[in-house]
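A short worksheet on the structure shown next.
The values are calculated or read from the model by the stated rules, or taken from the named source; none is laboratory data. None of these values were measured; they are calculated from a predicted model. Cβ: placed from backbone, ideal geometry, glycine included. Neighbour counts: every protein chain shown. Just the protein is used for accessible areas: all its heavy atoms, side chains included, with ligands, DNA and RNA removed. Shrake-Rupley method; radii C 1.70, N 1.55, O 1.52, S 1.80 Å.
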Amino acid sequence: MGKKGFLFGLLVALLLVGVVHFFVFTLVTVPGQGEEPTLLSGDRVVVNRWSYGFRTPYASRWGYRRWRSRMAHHNDWVVYNASLPSRATSPDTMQLCVGRCLALPGDTVWMGAHGRVSRYRSYASGQIWPIVVPAKGSYIRMNPWNVQLYAATINGLEGGQVSVQDDSLCVKGRKVAYYCFSRNYYWMTSSNEENVNDSRMMGFIPETHLLGKIELVLYSFDGYRPRWNRLFRPRL
């Protein structure tokens, strides 16, 4: 094979790798404090971009599109874009996060002291305040313990303009007991209690922010040292 043939073959190989990376799988590094014990900071994970339907890139320019959209499942390990209602913008411009899907659209999570959240009510641990994860087309009752969270979601992600007065939601100056949501949302959580970069800080994660499901740990580094026991770690 001549030099030109070798260069052509290398170019084709790089192009195929780029296509696979762009349209099928992508690699993401688990950031910060990690998701111990399941995922460690420095893990390089393979993300299936088709798990929940392929989200087309450059949404900030061309608008949000998703091919063959599907729901996430309980306990899926998901890569998603941060959801900060006070800085609502196109999802692909926001920071990538890693978390476990605790609750689906329409589920109820129970909030307790110190931000503890569970899918199950527990009087012993103080998790007694229910929060319904919004589902598209659902009417959700506003209560004193959840109205601030819902108001932030409505203003930042639903395109509404609401306020909170006397622990009540106000739409155009009128108090309402229920609000109808236009998107599906999820509640993401961290296995590491010290890592609050999840729904405890960001609130509900809209379906538009899901990138894909983690399939495996490809390799891992602890600083500059490889973790050989995490090489090709199977599906989580």
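Things worth noting here:
- Tally of residues being open to solvent by 70 Å² or more (accessible area, probe 1.4 Å) and aliphatic (A, V, I, L, M) across segment 197-236: 2
- Within segment 152-173, the set of residues being out of contact with any Gly (no Cβ under 9 Å at 6 or more places or on another chain), on the phi < 0 side of the Ramachandran plot and not polar (S, T, N, Q) comprises E158, G160, V162, V164, L169, C170.
- Within the span defined as segment 75-84, every residue fails to be farther than 13 Å from W187 by Cα, of a type in the set (S, T, Y) and surrounded by 13 or more Cβ atoms within 10 Å (Cβ to Cβ).
- Flag if G137 is closer than 28 Å to R49 by Cα and either free of Cβ contacts under 8 Å to residues at least 40 places away in the same chain or open to solvent by less than 50 Å² (accessible area, probe 1.4 Å) (or both): yes
- Hits in segment 88-118 (condition: without any contact (Cβ under 8 Å) to a residue 40 or more places away in the chain and open to solvent by 60 Å² or more (accessible area, probe 1.4 Å)): T89, T93, Q95, H114, R116
- P130 vs. criteria open to solvent by less than 50 Å² (accessible area, probe 1.4 Å) and either over 23 Å from T208 (Cβ atoms) or touching a residue at least 40 places away in the same chain (Cβ under 8 Å) (or both): yes
- Only one of the numbered conditions (1) touching a residue at least 40 places away in the same chain (Cβ under 8 Å); (2) more than 23 Å from E158 (Cα to Cα) is violated by N81, and that is (2).
- Within segment 45-64, residues that are under 18 Å from G99 (Cα atoms) sit with their Cβ atoms under 6 Å from residues that are at pLDDT 95 or above and assigned to a loop (DSSP other than H, G, I, E, B), at 6+ positions apart or across chains, in these pairs: Y52/A72.
- Of the strands (runs of 3 or more DSSP E) entirely within segment 10-92, those holding at least 1 residues that are closer than 27 Å to D222 by Cα, modelled with pLDDT of 90 or more and in contact with a helix residue (DSSP H, G or I) (Cβ under 7 Å, 6 or more places away or on another chain) occupy 43-48, 77-81.
- Considering the conditions (1) aromatic (F, W, Y); (2) open to solvent by 20 Å² or more (accessible area, probe 1.4 Å); (3) within 24 Å of V30 (Cα to Cα), Y64 is excluded by exactly one of them, (3).
- Out of P130, P134, sole residue that is assigned to a loop (DSSP other than H, G, I, E, B) and at pLDDT 90 or above: P134
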